[in-house]
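Everything below concerns the one structure shown next.
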There are 2 protein chains.
Amino acid sequence: MIRIFKYSDIDKSAIFMRSEPPANVEETVAGIIADVHENGDAALVRYAKKFDGAELSALEVTPRELDDALKSVDPCFLEVIEKAAANIKAFHRCQIRSGFVLTKENGVVLGQKILPLHRVGVYVPGGTASYPSTVLMNCIPAKLAGVSEIIVTTPPSRDGRVNPNILAAAKLGGADRIFKSGGAQAVAALAYGTESVPPADKIVGPGNAFVAEAKKQVYGRVAVDMIAGPSEILVIADDTCSAEYVAADMLSQAEHDVLASAVLVTDSAELAEKVGAELEKQLPALPRYDIARASIDNNGKIIVAENLKQAVEISNALAPEHLEICVDNPFDYLDMVRNAGSIFLGKYCPEALGDYFAGPNHTLPTLGTARFSSPLSVDDFVKKSSFTYYTPEALAGVKNDIACFARKEGLEAHARSVTVRFDK
Amino acid sequence: MIRIFKYSDIDKSAIFMRSEPPANVEETVAGIIADVHENGDAALVRYAKKFDGAELSALEVTPRELDDALKSVDPCFLEVIEKAAANIKAFHRCQIRSGFVLTKENGVVLGQKILPLHRVGVYVPGGTASYPSTVLMNCIPAKLAGVSEIIVTTPPSRDGRVNPNILAAAKLGGADRIFKSGGAQAVAALAYGTESVPPADKIVGPGNAFVAEAKKQVYGRVAVDMIAGPSEILVIADDTCSAEYVAADMLSQAEHDVLASAVLVTDSAELAEKVGAELEKQLPALPRYDIARASIDNNGKIIVAENLKQAVEISNALAPEHLEICVDNPFDYLDMVRNAGSIFLGKYCPEALGDYFAGPNHTLPTLGTARFSSPLSVDDFVKKSSFTYYTPEALAGVKNDIACFARKEGLEAHARSVTVRFDK
């Protein structure tokens, strides 16, 4: 049973507590990374056997394997992912930026160039489910940014193959090469490179606690998108909303992972009770019952707030990955939302719509990091360079200012690098 | 003496090798972070005594201390930093972005909101020099982004005070509170909060190897700007450029730190020799001779390339923090530059101009991370949220597509969260 709290009555820290990552992960991951760094492909093949039960003769998916897989994909599914890809492209195209230039009358030119990253690694989890949607959500913004080479890596099945739906999405998303490797070892390969896997400039994509820890450990050597934690939804709903819809949306999050969390914040004690009952009603019919049950019982919460304004404040403090606002006039609350990865407005906007189809990215900040992080976007696949041009006259006009500033910082050579140009 | 290499003759890996961070740092920093997390202010006071030799009765700079310090600042210097601040503001104002909205004829509304971070910590190094310029370069973009609270932290002098020029820059830059703490302990305080120091959403600013390692260790709990390594310059120059200017610019980098690196890439063997001689001529006159000498001897390099195109390619492979292009028509090469933090164009554009004055940021990606990172900018102080609104009719139109996609991923509850809305 999900727990119901009255916000005014309870210990606030309990509400804001999130599940901690499992212990021991740090050391295990450090060992795997060192091994891949040292032993390259041989380590990847060994780990594929150990963790995925797959005997690999080659790490890279061949063109032939790709063709064979594409033939085996359900044509209806191909149509669906094409529609989804079109929506994802349309949204992310709005994120493409240009550089700028700033000119001054004394001939000074300042500016900012925007350049794509050269090579990006996209991690696609395997495990309890396979996620072609993740492939689209990561490859499409990279492609729009102009990345030259997109490398997908994903754990193989026991038979040494990659799920054909993943391969179809990778092809559609514009992936250039696909490797059969998962977990911390795949992250290590993308960070350091191996005989087969070229080193990437940035590693993106979700993963379990091992993948997240590996991304943290290689951060700095390469860029990473974010350190992902378990998935989360916070639903704000009032008594005009169907308990059935709310419960279904919470369960869509809960079925991901026993660590996933589904939270309802409502101003209606009646809706709270009804949603509690609906969860119990809908749970038994789910194929992933055990996972959803554990998630709801351990991490699920219903919080009864005094009003919807307070509900939004609670949400801002939690900074959820997904936020649904299931009320009649959801746009009334949009400006109040300060911290949330992706916001779903209204009663006909379940999170699953965004997971697959609507267009905004589904790679989102978890564990309260929406306080300072953003959904994955085209911005993640570009970098900026600034540039400065001064004429001799323009530099002469500011040479004393720069020399003064440099000397106050005790950096005489900085001062001289300007004055040397005017000494004669 | 600086070493001169002919590019075609040498082991390329030697050119691309960078100095490694000192060992042992990791463990020391982990200990400091745990100590500050557990003991809060008491640990900060203890470390201020141990590392800075300062006996502190309070960690925060008081309004009175601030006023007193401002009175003691050279009025000429105040004028200079005001001019610099105006230039920095003008450039960074061009980086301010708006969100967007995308509407579709079926009533669908998609969009992206851009929101400022709430509280940001700016680390300002003390040590061998004090850097009011760093205060401006970090605070101004934060302020322009709309950050509510900017916290500056910097190591105290032995007398328990903070350099008045730093305080003047902090006031001008819009800092809200200033703390006397440096090193890994200051980063820990900003990440976890103490009795005095409030926890920040993001930590920015340069620092030594301990500060860099501390930022790496708290990354994920809070955001960080980048993991900074030693400062670097790469100068591309042809034989039309004065050896005197090139040597002076290289020394301005070399005086920062023995680990700093200054590299010249030229198509002229003659210029290479001349710059080598000029370095020897200019070096003895520098107050920070020992540092600059060690940097030039250990990390300095002159590379003779076959032509300027190859020089730019070498630069792209090194991905320098600062790049000067000292030739007659520098804009001819701007498009070829793929990886560089800040680019200085022409013979009257020494790096020091950008360090203090021109407007672009001086917090830049080091150690080759310009491959994937960017200069500090307004973007570092905002985050994005996406939003989605669908009408009942619009959702009805795609419900089967979403259900199909969800079921292919084995996520039945995702499918049901959509179909439940149309069951009756």
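The values are calculated or read from the model by the stated rules, or taken from the named source; none is laboratory data. Remember, it's a predicted structure, so these values are computed and weren't measured experimentally. FYI the Cβ positions are ideal-geometry reconstructions off the backbone, even for glycines, and counts take in every protein chain you see. Accessible surface is based on the protein model in full, side chains and every heavy atom, while ligands, DNA and RNA are left aside. Shrake-Rupley method; radii C 1.70, N 1.55, O 1.52, S 1.80 Å.
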I want to confirm something. Restricting to the stretch B:174-190 and keeping residues that are open to solvent by less than 20 Å² (accessible area, probe 1.4 Å) and more than 18 Å from the chain's Cα centre (by Cα), which single residue is nearest to B:D379 (Cα to Cα)? B:G174
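For a quick check of your reading: which helices (runs of 4 or more DSSP H) sit entirely within the stretch A:28-124 and have at least 3 residues that are assigned by TED's automatic domain parsing to the domain that holds A:V197, in contact with an Asp or Glu (Cβ under 8 Å, 6 or more places away or on another chain) and farther than 30 Å from A:E195 by Cβ?
Because the criterion is at least 3 residues that are assigned by TED's automatic domain parsing to the domain that holds A:V197, in contact with an Asp or Glu (Cβ under 8 Å, 6 or more places away or on another chain) and farther than 30 Å from A:E195 by Cβ, the helices (runs of 4 or more DSSP H) in the stretch A:28-124 that meet it are A:75-93.
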Residue ranges of strands (runs of 3 or more DSSP E) in the stretch B:262-350 with at least 3 members touching a Ser or Thr at 6+ places or on another chain (Cβ under 8 Å): B:301-304, B:342-345
Applying the selection to the stretch A:99-121, what residues are more than 17 Å from B:F372 (Cα to Cα), surrounded by fewer than 16 Cβ atoms within 10 Å (Cβ to Cβ) and either among the hydroxyl-bearing types (S, T, Y) or more than 8 Å from chain B (Cβ to nearest Cβ) (or both)? A:V101, A:T103, A:K104, A:E105, A:N106, A:G107
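Condition test on A:N316, is it facing another protein chain (nearest Cβ under 10 Å), under 26 Å from A:E270 (Cα atoms) and open to solvent by 10 Å² or more (accessible area, probe 1.4 Å)? Step through it out loud before you land on a result.
On the way: facing another protein chain (nearest Cβ under 10 Å): yes; under 26 Å from A:E270 (Cα atoms): yes; open to solvent by 10 Å² or more (accessible area, probe 1.4 Å): yes.
It is true that A:N316 is facing another protein chain (nearest Cβ under 10 Å), under 26 Å from A:E270 (Cα atoms) and open to solvent by 10 Å² or more (accessible area, probe 1.4 Å).
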In the stretch B:191-215, residues that are open to solvent by less than 20 Å² (accessible area, probe 1.4 Å), in a loop (DSSP other than H, G, I, E, B) and touching a Pro at 6+ places or on another chain (Cβ under 8 Å) total 2
In the stretch B:329-350, which residue that is touching a His at 6+ places or on another chain (Cβ under 9 Å) and at the interface with chain A (Cβ under 7 Å from one of its Cβ atoms) is farthest from A:G146 (Cα to Cα)? B:P350
Assuming B:R221 fulfils every condition listed in (1) out of contact with any Ser or Thr (no Cβ under 8 Å at 6 or more places or on another chain); (2) of a type in the set (D, E, K, R); (3) within 19 Å of B:P365 (Cα to Cα) apart from one, which condition is it? (3)
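Any chance the stretch B:269-287 includes a residue that's free of Cβ contacts under 8 Å to residues at least 24 places away in the same chain and within 10 Å of chain A (Cβ to nearest Cβ)?
Narrowing the stretch B:269-287 to residues free of Cβ contacts under 8 Å to residues at least 24 places away in the same chain: B:284-285, B:287.
Those left that are additionally within 10 Å of chain A (Cβ to nearest Cβ): B:285, B:287.
Yes.
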List the pairs whose first member sits in the stretch B:36-49 and is closer than 14 Å to B:A186 by Cβ, whose second member is charged (D, E, K, R) and crowded, with 17+ Cβ neighbours inside 10 Å, and whose Cβ atoms are under 9 Å apart, counting only residues at least 6 apart or on separate chains? B:A43/B:D35; B:L44/B:K180; B:R46/B:D35; B:Y47/B:D35; B:A48/B:K180
Failed condition for B:C139, given (1) in a strand (DSSP E or B); (2) without any contact (Cβ under 8 Å) to a residue 40 or more places away in the chain; (3) within 30 Å of A:L376 (Cβ to Cβ): (1)
Which numbered condition in (1) over 30 Å from A:A248 (Cβ atoms); (2) open to solvent by 20 Å² or more (accessible area, probe 1.4 Å); (3) facing chain A (nearest Cβ under 7 Å); (4) without any contact (Cβ under 8 Å) to a residue 60 or more places away in the chain is the only one that B:P375 fails? (2)
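Restricting attention to the stretch B:231-241, does a residue exist that is surrounded by fewer than 20 Cβ atoms within 10 Å (Cβ to Cβ), over 18 Å from B:S295 (Cβ atoms) and in contact with a strand residue (DSSP E or B) (Cβ under 8 Å, 6 or more places away or on another chain)? Walk me through how you get there before you give the answer.
Pass one, the stretch B:231-241, residues surrounded by fewer than 20 Cβ atoms within 10 Å (Cβ to Cβ): B:238-240.
From what's left, over 18 Å from B:S295 (Cβ atoms): B:238-240.
In the following step, the residues that additionally are in contact with a strand residue (DSSP E or B) (Cβ under 8 Å, 6 or more places away or on another chain) were identified as B:238-239.
Scanning the stretch B:231-241, I find at least one residue that is surrounded by fewer than 20 Cβ atoms within 10 Å (Cβ to Cβ), over 18 Å from B:S295 (Cβ atoms) and in contact with a strand residue (DSSP E or B) (Cβ under 8 Å, 6 or more places away or on another chain), so the answer is yes.
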Scanning for something farther than 25 Å from A:V120 by Cα, more than 8 Å from every other protein chain (Cβ to nearest Cβ) and touching a residue at least 40 places away in the same chain (Cβ under 8 Å), does the stretch A:387-409 turn up at least one residue? yes
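For A:V25, are the conditions met, namely being β-branched (V, I, T), surrounded by 14 or more Cβ atoms within 10 Å (Cβ to Cβ) and at pLDDT 95 or above? If you could, list the steps in order and put the result at the bottom.
Numbers: β-branched (V, I, T): yes; surrounded by 14 or more Cβ atoms within 10 Å (Cβ to Cβ): yes; at pLDDT 95 or above: no.
Answer is no for this residue.
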Yes or no: B:N138 buried (at least 23 other Cβ atoms within 10 Å of the Cβ) and away from every other protein chain (no Cβ under 14 Å)? yes
Out of (1) assigned to a loop (DSSP other than H, G, I, E, B); (2) open to solvent by less than 10 Å² (accessible area, probe 1.4 Å); (3) among the aliphatic types (A, V, I, L, M), the odd one out for A:A228 is which? (2)
Which pairs have Cβ atoms under 7 Å, sit 6 or more apart or on different chains, and link a residue in the stretch B:67-81 that is closer than 14 Å to A:K399 by Cα to one that is open to solvent by 40 Å² or more (accessible area, probe 1.4 Å)? B:F77/A:K408; B:I81/B:L172
Please specify each residue of the stretch A:75-98 satisfying the condition of being within 9 Å of chain B (Cβ to nearest Cβ), within 14 Å of A:L172 (Cβ to Cβ) and out of contact with any strand residue (DSSP E or B) (no Cβ under 9 Å at 6 or more places or on another chain). A:F77, A:E79, A:V80, A:I81, A:K83, A:A84
Residue hits (the stretch B:231-261; touching a helix residue (DSSP H, G or I) at 6+ places or on another chain (Cβ under 7 Å), assigned to a loop (DSSP other than H, G, I, E, B) and polar (S, T, N, Q)) are B:S231
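Which residue, of A:K383, A:K399, is under 29 Å from B:A168 (Cβ atoms) and either open to solvent by less than 30 Å² (accessible area, probe 1.4 Å) or among the charged types (D, E, K, R) (or both)? Steps first, please.
Values: A:K383 fails: under 29 Å from B:A168 (Cβ atoms).
Going through A:K383, A:K399 in turn, just one is under 29 Å from B:A168 (Cβ atoms) and either open to solvent by less than 30 Å² (accessible area, probe 1.4 Å) or among the charged types (D, E, K, R) (or both): A:K399.
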Please count how many residues of the stretch B:353-392 are assigned to a helix (DSSP H, G or I) and either within 14 Å of A:P350 (Cα to Cα) or within 16 Å of the chain's Cα centre (by Cα) (or both). 11
